[in-house]
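Read the structure below first, then the notes.
The values are calculated or read from the model by the stated rules, or taken from the named source; none is laboratory data. The model shown is predicted, which means the values in this text are computed figures rather than measured ones. In this analysis, Cβ positions are derived from the backbone assuming ideal geometry, glycine residues included, and neighbour counts consider all displayed protein chains. The area values use the complete protein model at the heavy-atom level, side chains included, leaving out ligands, DNA and RNA. Shrake-Rupley method; radii C 1.70, N 1.55, O 1.52, S 1.80 Å.
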Amino acid sequence: MTRTFIALMIPPDWTDYLGVVSRELASKTRGLSWTRPENLHITLRFLGDLDDAGVERVRGLVARDAGAEIAPRAGLGSIGAFPNLDRPRVVWIGLAEGAESVVSVAGSMNEALERGGFGAPDKPFRPHLTLARVREGARGLEAIRDAAPPPPPPRALLDRVCVMK
């Protein structure tokens, strides 16, 4: 069984920018588990543990559906957190532009997965890139709430959908 999800990949300048933002925040906080910049992506759908046949079925469904979907043009937004910035458990960067288009791509993926027998998603989709997970006893979290990152790189075409395992 392999932990599997569908991801919308980001361009290298976004990866570099988010690495700078993460390092700056990491220097001011303790007790967070930071996502390595090269692993950042927008999760369109988490599927959980699948066997090899299930992963191949997902790849087939995504390949058929992703080819018909128009790639969104999006721009990075501000820092946010789940459930909120006052009690963060997950720290993320949202999208200032193109969020509706990314939601549309996720919706198309979910429709294809449902038709393929994978059921509906567990949670509503909110496009974001997870920067860190907050562990018990974390300190310096006000730095996240008060962060003022530099201007983000330009908008980009998000044209790569991958099945990750």
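Here are some notes:
- Test set (1) touching a Leu at 6+ places or on another chain (Cβ under 6 Å); (2) at pLDDT 95 or above; (3) surrounded by 19 or more Cβ atoms within 10 Å (Cβ to Cβ) - Met109 fails condition number: (2)
- Matching residues in segment 10-43 - criterion: being part of a strand (DSSP E or B), hydrophobic (A, V, I, L, M, F, W, C) and either more than 14 Å from Gly140 (Cα to Cα) or open to solvent by 20 Å² or more (accessible area, probe 1.4 Å) (or both): Trp34, Ile42
- Among the numbered conditions (1) farther than 17 Å from Gly80 by Cα; (2) free of Cβ contacts under 8 Å to residues at least 12 places away in the same chain; (3) aliphatic (A, V, I, L, M), the only one that Ala148 does not meet is (1).
- Look at (1) open to solvent by 50 Å² or more (accessible area, probe 1.4 Å); (2) part of a helix (DSSP H, G or I) and you find that Asp122 fails only one, number (2).
- Hey, Pro150 open to solvent by 50 Å² or more (accessible area, probe 1.4 Å) and either farther than 26 Å from Leu50 by Cβ or not in a loop (DSSP other than H, G, I, E, B) (or both) or not: yes
- Single match in Glu111, Glu38, Glu97 (criterion: closer than 19 Å to Ser22 by Cα and either in contact with a strand residue (DSSP E or B) (Cβ under 8 Å, 6 or more places away or on another chain) or among the charged types (D, E, K, R) (or both)): Glu38
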